[in-house]
1. Could you work out the local net charge near ASN105, counting Lys and Arg as +1, Asp and Glu as -1, over the other residues with Cβ closer than 13 Å to its Cβ?
2. Taking amide H positions as placed 1.01 Å from N in the peptide plane, with prolines and chain starts having none, which residues 5 or more places from PHE28, or on another chain, fall under 5 Å of its amide H?
3. With the cut-off at 19 Å, tell me which of the pairs LYS30/LYS120; LYS43/LYS107; LYS92/LYS112 have Cα atoms farther apart than that.
4. For the chain, what is the mean residue ellipticity at 222 nm derived from helices alone (per DSSP H run of n ≥ 4: -39500 (n - 2.57); sum divided by total residues; nearest 500 deg cm²/dmol)?
5. Work out the charge dipole of the chain with +1 on the Cβ of Lys and Arg and -1 on the Cβ of Asp and Glu about the Cα centre, then indicate which of PHE55, PHE28, PRO74 is farthest towards its positive end.
6. Average projected area of the Cα convex hull of the stretch 39-102, in nm²?
7. Just to confirm the number: angle between the C-alpha axis of helix 2-17 and the first principal axis of the chain, 0 to 90 degrees, nearest 10?
8. At PHE28 and THR80, where each label point lies 7 Å from the Cα along Cα→Cβ, what is the point-to-point distance in nanometres?
Amino acid sequence: MKKLTLLFILISGFCSAQEAEIFFEQDFQKLGKVTEGDQVKIKYAFTNTGTEPLFITKHTVPCVCTRVRFPLKPIAPMATDTVYVYFDSEEKKGIQDRTITLYSNAKNSPTKIRFRLTVKKK
């Protein structure tokens, strides 16, 4: 009976340890200066460092000036992909610091990516 219990514990531990995990090469980007009205495209490369496929399911952004495009397909273990962020600097001035929250099946979800830039007046 002890052997059966030990076997059950080992199998349970192994199964629960299999999860997706998202790792961004660079989760913060300082972009310098742009001119008001510029459209900025920012790339965030990531890897699924877990053992199960990664599914990004949704995101939140601080304002409508920031849009996000993430992969809709599952990301295999150890595979890489990219999240694209688009920032519209129209009617923005000064320092803009934005944090995007990504939700997924990863054990480290939610995950945050961030950028900062300065918008110069036209």
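1. Numbers: positive: LYS58, LYS107; negative: GLU19, GLU21, GLU52.
Here the charged neighbours net out to -1.
2. ARG114
3. LYS43/LYS107; LYS92/LYS112
4. -4500 deg cm²/dmol
5. Ranked along the dipole, the leading option is PHE28.
6. Averaging across all directions leaves 4.6 nm² for the Cα convex hull.
7. 10 degrees
8. Label-label distance for PHE28 and THR80, simple model: 2.2 nm.
Read the figures in this text as sums done on the coordinates, not as results from a lab. Here the structure is a predicted model, which means the values were calculated and not measured. Methodologically, a virtual Cβ is constructed for each residue, glycine included, from the backbone with ideal geometry; neighbour enumeration extends over all protein chains shown.
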